[in-house]
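Asks: Below: one structure in structure tokens.
Please treat every number below as a calculation from the coordinates, not as lab data. Source: prediction; values computed, not measured. FYI the Cβ positions are ideal-geometry reconstructions off the backbone, even for glycines, and counts take in every protein chain you see.
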Amino acid sequence: MQRILFITLLFIISITQLKAQDDSLVKWKTNLQTEKDARSRGELLYKIGYRYTYKVTNADSALHYYKKSIEITKTTDDTRGLGAGYYAIGIYHIRGNNQKEAIKYLTMAENTFAKGKDTMAFLHASFARADLLKPEQKIKRFKELIAIAEVGTFPSAKSSEISLRGGLGGAYKDLGKYDQAIIEHKKQYKLNKEFKSNRYDHKRKTLEHEAEACLKLGDLYIIKKNYKEAYKFLEEAYNNCNAISKDFHLMPKVASSMVQLFGEWKKNKPNEFNQSSAKKYNTLRLLKDADRVSKKSKSYYSAMNVIKGFLDYYKKRGNRDSIIHFQNKLITMKDSFYRDEQIQASAKFSEELKTADKEKEIIQLNVDKKIASATANRNKIIFFLILIGLLSSIYFIIKRIKYRNQKEQEERDKNFRSKLSSDLHDDVGTILTSLSMQSELLEMKTTDGNKSTVGKIAGMSRDATRRMRDTVWAIDSRKDNIMDLAYRMIDFAEDMLYAKDVEFQLTHNIESKDQKISAELRQNIFLIFKEAITNAAKYGTGAFVTASLQKGKDELILQIQNETKQAINLTEVSGLGLSNMKKRVADLNGTFSIENQANAFNVKLYFPL
């Protein structure tokens, strides 16, 4: 059953992985197997990690290859490659909200780029790390970095300064210093305009930076209630977004900000608003366009901006039902924003149907195909999930039955052992006790010639009685706990050492009989203890024997020490039964050690629980 479940899961995982890998990824992995040059291997590993990050979107695999790249690149003089690896891992931890690790790796990237005198890469890493600091620290660090970028002669110095100005403006805004934030974002805006004329090969990137700067300025001017300036910058941001792409990711935030602006403008300065050209915008249309982009990008933050924009729009109009609807959507968004593929396809083609009636039949056909494909895929997924669920249920049912049967068998064994020990104690024990007593009486009445023989019989009877007690104790399941083991050890040691006028003391940390132990381990530990106490009685020359029984987290520690006048010659005393003790300890997967000193003989044993 486990094998079937494993094969099913392996099949699903294999299909997913095969779909994820593209030709470049396979090619790089193939080249990695034959490439011998360390620097080239480091570059290949970094490329694979980068592909997993942005094309295959497998963060764990990306992190694995980045770390492998760093490990190999460290053996070369490629500081740029090493710094890029640190930088990539820092960005990975930023996305995982692990700020501590992100700062650690970005700092390593900064130091590596500084060592290689790669100013542009250094500024990139420094920007990412500075953005994780507190606002006051951000301001200080961004000013330091701007000073470096202002005097920089490398190709992207001006581009770096533009980004850094934006970061500095954001830090001022976080502190509520809106005037200073406006100053920095205007510098960012101006630098971008100047840079635009010399950046023909990066026109889209320039428009993106410009749209971002305009958006930030528009939001700041809304806070300052300077609605004319806010409108000027937000309109420019909106036009830039459209110039880049109708699906540009900033569109939801720009549209939401424009809706907020129009609402506040109408309310606080209606005459000024009516005289402006802002009336040409259909607010609801803006939000719908933003909603379309948000759904396509599947961005949580974009969706939140759009929903907040709808809420702001309907609150201004007092539309209670719509307000409740979008408030519920806002709550739902906190859990998830992803939409079902079938709903997305239907919504997309429904929108096209409204704007292109002449293609209605073709679009409807495509919708039906999409829905059929999505339904087929959904049915396959449901089938696999049901299959996995069924196999899992069968597996756990079988496991549960085995567990229950095992528990029932254990309970039967315990009852049998308890009954057996009681029967032995009541029947055989009584007979042996009676035999011992009769032998002692006979020894007292017999003649001197037979007294030795009768004495031996009495001794053998007493020994048999002791052995029977040990056997009954070992069998009795009610004694399967460490506390009873400790009591039994004390009884035996005192009986053995009392005749020698030797005092015995056992220390332990056992608190109750709830601390269970297996019958096998309990019996073997007791036999090892008996061997050790017997040796102490034979070879010890002191008046005191101590023992310690300590239960750890996953082990039991037994230590016996007896006093001696000099170190014992183990070869002369047949090993003190140590070979038997060692064998029993080994059978229990425990460890054994002795300390044979001039004044004490110490045995220490460890048993895994």
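Asks: Mind sorting 326, 195 by how few other Cβ atoms lie within 10 Å of their own Cβ, fewest first?
Replies: 195, 326
Asks: To make sure I understand, if each residue's beta carbon is the centre and we count other beta carbons within 10 Å, what order do 494, 150, 43 fall in, fewest to most?
Replies: Listing 494, 150, 43 from fewest to most nearby Cβ atoms yields 150, 494, 43.
Asks: Using r as the Cβ-Cβ distance of residue 180 and residue 320, and R0 as 45 Å, what FRET efficiency do you calculate, to the nearest 0.05?
Replies: 0.65
Asks: Further question on the same structure: Give me the net charge of residue 602's neighbourhood, meaning all other residues with Cβ under 14 Å from the Cβ of residue 602; Lys, Arg count +1, Asp, Glu -1.
Replies: Surrounding charge for residue 602 is -1.
Asks: Determine the gain in length on full extension of the stretch residue 275-residue 27; use 0.36 nm per residue of separation and subtract their C-alpha separation, reporting nm with one decimal.
Replies: Value of the extension gain: 83.1 nm.
Asks: Can you list residues from other chains, or at least 5 along the same chain, whose modelled amide H is less than 5 Å from the amide H of residue 600?
Replies: Correct list: 564.
Asks: Give, as a single signed number, the net charge of other residues whose beta carbon lies under 13 Å from the beta carbon of residue 537, with Lys and Arg counted +1 and Asp and Glu -1.
Replies: After counting each charged neighbour, the total is -3.
Asks: While we're looking at this one, here's another question. How far, in nm, would the chain grow between residue 379 and residue 296 when pulled straight, counting 0.36 nm per residue and subtracting the alpha carbon separation?
Replies: Contour length minus the Cα-Cα distance gives 27.5 nm.
Asks: Tell me the net charge near residue 580. Cut-off is 12 Å between Cβ atoms, residue 580 excluded, with +1 for each Lys or Arg and -1 for each Asp or Glu.
Replies: +2
Asks: What's the exposure ranking of 306, 545, going from fewest to most Cβ atoms within 10 Å?
Replies: 545, 306
Asks: Restricting things to alpha carbons, tell me how big region 210-309 is in terms of Rg and Dmax, in Å.
Replies: 12.6, 39
Asks: Between the alpha-carbon centers of region 30-64 and region 79-105, tell me the distance in whole angstrom.
Replies: With region 30-64 and region 79-105 each reduced to a Cα centre, they are spaced 16 Å.
Asks: In addition: Applying 1/(1 + (r/R0)^6) with R0 = 60 Å to the Cβ-Cβ distance of residue 111 and residue 392, what FRET efficiency is obtained, to the nearest 0.05?
Replies: In this case the efficiency is close to 0.75.
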